[in-house]
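Here's the structure we're looking at; comments come further down.
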Amino acid sequence: MGEALNARTAPAECRYEPDRLVPVLGEKWIPRNGKCLASARRFVRDVAADWDAADDVPEVAELLASELVTNALTHGAEAVPAASTIRISVSREQELIVVAVYDSCIVLPRVRRAGHLDTCGRGLAIVQTFSHNWGWTITPCGKSVWFQLVAWP
């Protein structure tokens, strides 16, 4: 759909839709409940490991997915019914593993500058630092925030 942009140079304009023909390696739906964060992290790590992603990719994917799911649980929850769900999708595009987190909120993500004493506001900066690319896509039911890692060099 759109051209993949490097999130380090244009995070606010980074719209990207994975190719519809890429294999989905796994999907998981969780309720909008913080108790499900550990399950979402394990899911992403296990899918990456099951598909033989390189070296530390399962652990990095787990960390970055944790940041995106946490954002969906906290920021995506505003003005959204409590019964809504969050979907996590793991797919493969050539050498890249792509993890996307979908929520029903249309508020776009933005990287914040957290102060030294701030206890939050670093999640997307972590995703930006450790991913190959990252971005967001508006969907008919909200948005997805995604990241890519080189998993099969």
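What to note about this one:
- Filter result for Val80 (modelled with pLDDT under 90 and surrounded by 14 or more Cβ atoms within 10 Å (Cβ to Cβ)): yes
- Whether a residue is within 24 Å of Ala125 (Cβ to Cβ), of a type in the set (Phe, Trp, Tyr) and modelled with pLDDT under 90 was assessed, and Tyr102 does not pass this test.
- Within the range 43-66, tally of residues that are hydroxyl-bearing (Ser, Thr, Tyr) and in contact with a strand residue (DSSP E or B) (Cβ under 8 Å, 6 or more places away or on another chain): 0
The values are calculated or read from the model by the stated rules, or taken from the named source; none is laboratory data. Being a predicted model, the structure only gives us computed values, none of them experimental. Heads up, the Cβs are rebuilt from the backbone with ideal geometry, glycines too, and the neighbour counts pull from every protein chain shown.
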